[in-house]
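Structure record follows, encoded as structure tokens.
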Amino acid sequence: MPHILIAEDEPRIASFIEKGLKSHGYTTTTVGDAEQALSLALSDGFELLILDLGLPDRDGLDVLADLRGQGSSLPIIILTARDDIQDKVSGLEGGADDYMTKPFRFEELLARVRVRLRSVSSRSASETLTLNAYNVVLDLRTRKAKVDEQWIELPAREFILAETFFRHPGQVLSRQQLLDRVWGYDYDPGSNIVDVYVGYLRKKLGNSLIETVRGVGYRLKT
Ligand code: CA
């Protein structure tokens, strides 16, 4: 699976991105400053860079300029709290492939990561594009689910929740883990939204597919 470099000096955000990407099968390396970001990004070991602009030693835009100046064509997604249009323009004109502002939802970052990785490598047919459990198939390209030979549409959030379960069959996932992965780091942890969405999935994909583990969370039956 693609190896993604994350340049982010805020540990909470870095680990949020890392956890999310890992749970979707990506390999990640995180660095907290511009100097390391630059040297690793030039090392050829990565398929994508997620770049914060407010790094402690140098500005992320400098890292971008250096990389492009040295001929690197590594896909770069800028992820920053700066929502100034001038920064956005500088980033995109400086050769970034995408620009995303914080706060952000993991789901959106993941979608953008997938787009960037798809546009560089035409995916081979052998790569996993469907996930199965019981009589249910998830198609990661069309983002539809097949239940008893019938294709159904799932809204984005429900699909990501289903995908999270399908990638961890048999593993108990706590409400907090599901909130982190599906809704983002800034979601109200007291909310019952996870239970509500598990209810939606049970209705659509079958009642017995996702088990409740009392006091802990949920688990996809194996
Ligand atoms: Ca920062």
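The values are calculated or read from the model by the stated rules, or taken from the named source; none is laboratory data. Just so you know, these numbers come straight off a predicted model, no measurement behind them. All Cβ positions, glycine included, derive from the backbone under ideal geometry; neighbour counts span all protein chains shown. For the accessible areas, the whole protein counts, side chains as well, though only heavy atoms, and no ligand, DNA or RNA atoms are used. Shrake-Rupley method; radii C 1.70, N 1.55, O 1.52, S 1.80 Å.
Take the alpha carbon gyration tensor of segment 3-125, find the square roots of its eigenvalues, order them as a ≥ b ≥ c, and report rounded if a/c is under 1.5; if not, report prolate when a/b exceeds b/c, else oblate. Judged from the Cα gyration tensor, segment 3-125 comes out rounded (a/c under 1.5). Here residue 73 sits with roughly 100 square angstrom of accessible surface, probe radius 1.4 Å. Other residues within the sphere of radius under 13 Å centred on the Cβ of residue 79, judged by their own Cβ, net out at -4 (K and R +1, D and E -1).
Rolling a 1.4 Å probe over the protein heavy atoms of segment 3-125, with every protein chain left in place, gives an accessible area that is 47 percent carbon and sulfur.
Excluding ligands, DNA and RNA, what is the solvent-accessible area per residue of the chain at a probe of 1.4 Å, expressed in Å²? With the other protein chains kept in place, the chain gives 48 Å² per residue. Summing charges over all other residues whose Cβ lies under 14 Å from the Cβ of residue 133, with Lys and Arg as +1 and Asp and Glu as -1, gives +2. Taking a point 7 Å from the Cα of residue 142 along the Cα-to-Cβ direction, none of the residues of segment 189-219 has its backbone N closer than 15 Å to it.
Taking a ≥ b ≥ c as the square roots of the eigenvalues of the Cα gyration tensor, segment 1-52 is oblate, since a/c reaches 1.5 or more and a/b is not larger than b/c. Counting only DSSP H runs of at least 4 residues, each contributing -39500 (n - 2.57), and dividing by the residue count of the chain, the helix-based mean residue ellipticity at 222 nm comes to -11000 deg cm²/dmol. The modelled label-to-label distance for the pair residue 89/residue 203, using points 7 Å beyond Cα in the direction of Cβ, is 4.7 nm. Could you name the lysines in cross-link range of residue 19, using Cα to Cα under 20 Å and dropping any fewer than eight places away on the same chain? Once the sequence-local lysines are set aside, what remains near residue 19 is 102.
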